[in-house]
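> Quick one: structure below, then a few questions.
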Amino acid sequence: MSTEKQEIESICVHAGRRDGNAGVVNAVQPSTAYQYLDEGEQPYPRYFNTPNQEIVVEKLCSLENASAGAIFASGMSAISTTLLTLARTGDHVVFQRSLYGGTYAFATKEYRHSGVDVTFADCEVSSIVDAIRPNTKLIYVETPANPLLDVVDLKRLTEAAKARGVITIADNTFATPINQNPLKLGVDVVIHSGTKYLGGHSDLCFGAVLSREELMQPIREKALLLGGNVNALTCYLAERSLKTLAIRVRQQNRNALRVAEFLEAHALVKRVDYPGLPTHPRHDVAASQMSGFGGMLSFELVDSVCPKTLVRTLRLITPAMSLGGVESTATIPYETSHKPIPVEERLELGVTDKLIRLSIGIEAEEDLVADLDQALGAMIDSKGAV
Ligand SMILES: *Cc1c(COP(=O)(O)O)cnc(C)c1O
């Protein structure tokens, strides 16, 4: 059914719906073997072409204003397949310095081993553009980025990249298609870890690449060789999750802003990183390209408070890796995602020992604030703050 003129909430629910179904829900078609088809017909569905995969792709294309796309077995499968397709030995790729750890590892290990030259730049457009060389094929950014919520000006970046014939890729995992549509801002390829907000319930692993046919066709060809395919049941659950994406993300936007404001005013908090706060260094850019600021935020505690003790004192917010679920979670980046990075390098990235990252869920905002309030209060009363 056509979703061209629908608002995003309706697209979440209806895009990809197969009319003529007896039920209002699309059927799961798990078959990986089909009876022989007549010559000239479509090949039998298995890799990247099953009915359930196509339904999810259709929904995501509608949400991101893409004309073509594919889903993968994980976000990393989406990222590695795309990066292996669009740059080869002898090419050069510019990456934003603050990146999801797996992407950073791919750039520094896999790319370098296969003879792709890599430069890291900070999130200023001028730094990224200055890094462009005659053999630069790709610019890869993540906005907002993990864990300090850096923001890249996508419109200015893509104008500069287009003028130089460089393809731009944006990881839109943190923003979600509800808050930001990079393709509308001129980006060529959008990537999602569906494991996070798109799945949204901390129980699915998948990824997505959304773009136009000219770029998707070689990505799909590479995907057939690498084989990061998603099964029908995961697709079915992803489709189901996407129906509530808009209402989940709107609630997460509201909750995160409230939590950010609470933390910013607290005496034991040195700094809060959230693009929705006017104190964020790129709040204006975020406000111009995002319709909501997302559910992710980080904050730095004053020196006297131990982040481990604080996280252990939380009752509602759960210490857990990953993000984007309906439940609020907390991580200490220096102990988890940034543990493998040498200390000096980590500090240069701004990831101190006092940093806590929150993924805000869909609970009631008063309960989230009350939980942080009691935990921070306990740090004042006890040895947490020495
Ligand atoms: C988690 C994550 C990924 C990787 O996704 P997986 O589905 O875990 O492979 C990529 N980018 C960002 C921003 C992420 O948070």
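> Which lysines have a Cα less than 24 Å from the Cα of LYS109, not counting those fewer than 8 places away in the same chain?
Cross-link targets: LYS137, LYS222, LYS339.
> In the chain, if the dipole is taken from +1 on Lys/Arg beta carbons and -1 on Asp/Glu beta carbons about the Cα centre, which of LEU257, VAL272, PRO147 is farthest to the positive end?
Of the candidates, PRO147 comes out farthest on the positive side.
> Beyond 36 Å, what percent of the Cα pairs of the chain remain? Don't skip to the end; give the middle numbers.
Working: 17856 of 74305 pairs.
Of the Cα pairs, 24 percent sit more than 36 Å apart.
> I would also like to ask the following. Taking 0.36 nm per residue of sequence separation and subtracting the Cα-Cα distance, how much length would be gained by fully extending the chain between ALA287 and LYS162, in nm to one decimal? Provide the component values of the computation, followed by the final result.
Working: separation 125, 0.36 × 125 = 45.00 nm, distance 2.33 nm.
The span from ALA287 to LYS162 would gain 42.7 nm if fully extended.
> What does the accessible area per residue of segment 221-284 come to in Å², with a 1.4 Å probe and no ligands, DNA or RNA counted?
On the way: 3020 Å² over 64 residues.
With all protein chains present, segment 221-284 gives 47 Å² per residue.
> Ok, one more. Keeping all protein chains in place, calculate the accessible area per residue for segment 99-189 (probe 1.4 angstrom), answer in Å². Present the calculation step by step, with values, prior to reporting the outcome.
Values: 3190 Å² over 91 residues.
Solvent-accessible surface per residue comes out at 35 Å².
> Compute the acute angle (0 to 90°) between the alpha-carbon long axis of helix 213-226 and the principal axis of greatest extent of the alpha-carbon atoms of the chain; round to the nearest 10°.
90 degrees
> Measuring from label point to label point, each 7 Å out along Cα→Cβ, what is the VAL302 to ASP38 span in nm?
7.8 nm
> Can you send over the carbon and sulfur percentage of the accessible area for the chain, probe radius 1.4 Å, protein chains only?
Details: 8870 of 16910 Å².
About 52 percent, which is the carbon plus sulfur part of the accessible surface.
> Report, please, the projected area of segment 250-386 averaged over directions, based on the convex hull of its C-alpha atoms, in nm².
Details: hull surface 32.4 nm².
Averaged projected hull area, Cα only: 8.1 nm².
> For segment 54-115, what mean projected area does the convex hull of the alpha carbons give, in nm²? It would help to have the intermediate numbers written out before the result.
Numbers: hull surface 20.3 nm².
So the Cα hull casts an average projection of 5.1 nm².
> Still on this structure: Would you mind checking segment 261-277 for residues with the amide N under 20 Å from a putative spin-label position 7 Å along Cα→C-beta of ASP367?
Only 261-263 pass the distance filter.
> Quote to one decimal, in nm, the extra length available between LEU347 and SER10 on full extension: 0.36 nm per residue of separation minus the C-alpha distance between them. Walk me through the intermediate numbers first.
Values: separation 337, 0.36 × 337 = 121.32 nm, distance 4.38 nm.
Residue separation times 0.36 nm, minus the Cα-Cα distance, leaves 116.9 nm.
> Here's another thing I want to ask about it. Please identify every one of the trypsin sites (Lys or Arg not before Pro) in segment 87-163 that sits in a loop by DSSP and has no more than 11 other beta carbons within 10 Å of its own beta carbon. Can you show the working numbers first?
Values: sites: ARG88, ARG97, LYS109, ARG112, LYS137, LYS155, ARG156, LYS162; in loops: ARG88, ARG97.
Sites meeting the loop and neighbour criteria: ARG88.
> Would you compute, from DSSP H runs of 4+ residues alone, the mean residue ellipticity of the chain at 222 nm, taking -39500 (n - 2.57) per run and dividing by the full residue count, rounded to the nearest 500? List each step's numbers first, then the result.
Values: 14 runs with 140 residues, N = 386.
Theoretical 222 nm ellipticity from helices: -10500 deg cm²/dmol.
> Sort out for me the Cα centre separation of segment 235-277 from segment 294-337, rounded to whole Å.
For segment 235-277 versus segment 294-337, the Cα centre distance is 13 Å.
The values are calculated or read from the model by the stated rules, or taken from the named source; none is laboratory data. Just so you know, these numbers come straight off a predicted model, no measurement behind them. Cβ: placed from backbone, ideal geometry, glycine included. Neighbour counts: every protein chain shown. Ligands, DNA and RNA are stripped out before the accessible areas are found, and what is left, the full protein with its side chains, is counted by its heavy atoms. Shrake-Rupley method; radii C 1.70, N 1.55, O 1.52, S 1.80 Å.
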